[in-house]
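Trainee: Please find one structure pasted underneath; my questions will follow.
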Amino acid sequence: MAVAAPAAGQARAGRERQIHLPAQALALAGRSVRSTARQPEMWLPSMIFPLLIAAVNNSAMAKAVLLPGFPPVDSVLQFLLPATVVQGVMFGAVSGGSDLALDIENGFFERLIASPVARPAILVGRLAGGAVLGACQAVIFVVIFRVFGAHVVGGPPAVLVLMAMAVMVTLMVGGITAAVGIRTGSQESVDAAFPLIFILLFMSSAFFPAELMDGWFRWMAEHNPLSWMIDAARRLVLFGFDWSDAAVAVVVPGLISVLTIALAVRQMRKRLERAR
Amino acid sequence: MTIPVEAVGLVRRFGDIVAVAGVDLRVEPGEVFAFLGPNGAGKSTTVRMLTTLLAPSAGTARVAGYDVVTEAAQVRRAIGVALQDAAIDPLMTGRELLRLQAVLYGLPRARAEARSAELLERVGLTAAAGRRVGKYSGGMRRRLDLALSLLHEPEVLFLDEPTTGLDPTSRLNLWDELRTLNLEHGTTVFLTTQYLEEADQLAARIAIIDGGRIVREGEPNRLKAEVGAPTLRIEVRDAQADVARTVLARFGAERPDRAGVLAIGLDGGAAEMTSVVRALDEASVVIEHMELNAPSLDDVFAEATGRRLEGADGDAAAGPGATPGEPAA
């Protein structure tokens, strides 16, 4: 009996934690969104840089659309919309992992750990906050591109898919940066991982059709999952809604995010174990 | 009634370094207990084990009746924690932090709101509650931290160096707050400090820790009484130091002190002062400075460790306002 009592208590505590998990994750997601919103220096670059790159490409590639093999488009902007969305949310997702590392650096993480918060809520809250911002950013980009004449042929369903893709990309990149942040507990390490993620994006068909590439670069682009995702999203923008394209645009980053989040969870477990 | 804190043979190693080398503790309900020691003595490491942030390498501890390892979740629910280097998010407002804390501790919303308002009033932050914490002064942050740690009405409150880095006024305010808390609400408080005065002023019982071990434990007055004789300090010219030391040896045992000061425990107390002066005069020693001090906690520390806490590291113990926060042990 004396042995059973603590076990029962622990089971009760475990249940209580599960009950509070959604509320706690929501509160932490709210904190994450609010702290991003309060630091314009954090989110402005993720809005401005992708748009600048799109503007530059728009001029640089103005004649490229005439090349045989280039998909028929109204404007280069229309072609670039999915890539710009992905690039923008990648910026934001990196800062999510970087904020998590900062929490560890300055001790806020320890404050959380000392509380009875359900442990998964710490990671879920952080990722969910980033996902909400990612979805908003996708809509903002669609609207801005529309103003400059690039409309989405797939209509509202395609925009919804772009939002879902943005959420998945945020989780995918957020998972890997969170893993690095939790492992190193250093904001600098996360920020150092940032260019690597962008190289992956540039080595895809995000900004140029793979059909017009050659050699090893073409091979890389064609085997880059980011190309599969962006090509599918682009077909929704250029030609209209299609269920299989919608599925590819969401499922590809979704599957990768399962892997990266598993990695982050593993690092979280390790960090919590290390104190044990 | 459950014992708020009880530790037996608590040990924590980091690789080859033994930060805590077998600590036994017992804190009684409603008590303010101070853990006093220099930097790196093992104070923070002990607190981190008691608050479930660090597992002991050996030994056991129960806090609020729960085991810190096997029942960590229950311990976390029952305690309030304000850690020395656990930052408060500077981008959030005081009220937002209290709300987040309420959710983390699973408090019902209505109760959390009422309690937040009450605590903000008590720590004098009602007007500042809507401002971002980044704009708060050091004292305001500590007071907010105190309010946060009290939100869920913990049975035991752990405060790790609550006044390190604060200016004297803020320090006195926080002391008042802690006294009220303990007197009116009966909250058990476990605090660590490197300031003698803080331990002396606040704690009903103290434990002095040095090198990972508790070297003295008890009520401050009883510990001081155990030291017995008051400390006589004199300063003389260097050339006469040896002569003076020989003379002083007749009146009591030498005690450690800072360089340039001769100190003894004056066995006969104040009544012996005239004899000391006469004896020094007969030996032609010129006294440059002389003082007699009732036994202090520093004397207790010196007797236990052979060193002074006061002035031990950059005069940390003497001037709390002067030392910025340093890394935890």
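The values are calculated or read from the model by the stated rules, or taken from the named source; none is laboratory data. Values in this document were obtained by computation on a predicted structure and should not be read as measured data. A quick note on method: Cβ atoms are made from the backbone with ideal geometry, for glycine too, and the neighbour counts reach across all protein chains shown. Calculation scope for accessible area: heavy atoms of the full protein, side chains included, ligands and nucleic acids excluded. Shrake-Rupley method; radii C 1.70, N 1.55, O 1.52, S 1.80 Å.
Trainee: If you take the accessible area of B alone plus A alone and subtract the pair, what total do you get in square angstrom, rounded to 100, with a 1.4 Å probe?
Mentor: For chain B against chain A, roughly 2900 Å² becomes buried.
Trainee: May I ask you to derive the relative contact order of the range A:151-246, considering only C-alpha pairs under 8 Å and at least 6 residues apart, and to give it as an integer percent?
Mentor: 43 percent
Trainee: Quick check: with the 1.4 Å probe, what order do B:His185, A:His20, B:His289 take by accessible area, largest first?
Mentor: Largest accessible area first, the list is B:His185, B:His289, A:His20.
Trainee: Before anything else, pin down the relative contact order of chain A: Cα pairs under 8 Å, at least 6 apart, normalised by residue count, whole percent.
Mentor: Over chain A, the number comes to 24 percent.
Trainee: Please report how far the C-alpha centroid of the range B:91-165 lies from that of the range A:248-276, rounded to the nearest whole angstrom.
Mentor: 33 Å
Trainee: A follow-up question, please. Compute the long axis of helix A:225-238 from its Cα atoms, compare it with the longest principal axis of the Cα atoms of chain A, and write down the angle in degrees, 0 to 90, nearest 10.
Mentor: 60 degrees
Trainee: Leaving ligands, DNA and RNA out of it, report the carbon-plus-sulfur percent of the accessible area of chain B at a 1.4 Å probe.
Mentor: 50 percent
Trainee: From the phi angles alone, apply the Karplus equation (6.51, -1.76, 1.60; θ = phi - 60°) to the range A:211-218 and give each ³J(HN,Hα) in whole Hz, x where the residue is Gly or Pro.
Mentor: Each residue of the range A:211-218 in turn: 4, 9, 8, 9, x, 5, 5, 4 Hz.
Trainee: Here is a follow-up. How large, in percent, is the carbon and sulfur part of the accessible surface of the range A:225-276 at a probe radius of 1.4 Å?
Mentor: Solvent-exposed carbon and sulfur of the range A:225-276 make up 69 percent of the total.
Trainee: Next up: Could you work out, for chain B, what percent of all Cα-Cα pairs fall into each 20 Å distance bin, beginning at 0 Å and stopping at the bin that holds the largest distance?
Mentor: Per 20 Å bin, starting at zero, the Cα-Cα P(r) for chain B comes out as 29, 50, 18, 3 percent.
Trainee: Under 26 Å from the Cα of B:Lys43, which lysines turn up, not counting those fewer than eight places away in the same chain?
Mentor: Correct list for B:Lys43: A:Lys270, B:Lys224.
Trainee: Top to bottom by accessible area (1.4 Å), largest first, where do B:Ile3, A:Ile230 land?
Mentor: Putting B:Ile3, A:Ile230 in descending order of accessible area: B:Ile3, A:Ile230.
Trainee: Tally Lys and Arg at +1 and Asp and Glu at -1 over the other residues with C-beta under 9 Å from the C-beta of A:Arg235: what net charge comes out?
Mentor: -2
Trainee: Oh, and also: A:Val258 to A:Phe239: extension gain in nm, 0.36 nm per residue of separation minus the Cα-Cα distance?
Mentor: 3.9 nm
Trainee: Hey, any idea what % of the range A:13-126's accessible area is carbon plus sulfur with a 1.4 Å probe?
Mentor: Carbon and sulfur together cover 69 percent of it.
Trainee: Sticking with this structure for a sec: What accessible area per residue, rounded to a whole number of Å², is obtained for the protein assembly as shown using a probe radius of 1.4 Å?
Mentor: Solvent-accessible surface per residue comes out at 43 Å².
Trainee: Now a separate question. In whole angstrom, how far apart do the alpha carbon centroids of the range A:71-128 and the range A:213-247 sit?
Mentor: Going from one Cα centre to the other spans 23 Å.
Trainee: Percent of alpha carbon pairs in the protein assembly as shown separated by more than 47 Å?
Mentor: The answer is 33 percent, as a whole percent.
Trainee: I would also like to ask the following. From the residues B:Gly94, B:Pro56, B:Gly260, which one has its Cα farthest along the dipole of chain B in the positive direction, the dipole being from +1 and -1 charges on Cβ of Lys/Arg and Asp/Glu about the Cα centre?
Mentor: Value: B:Gly94.
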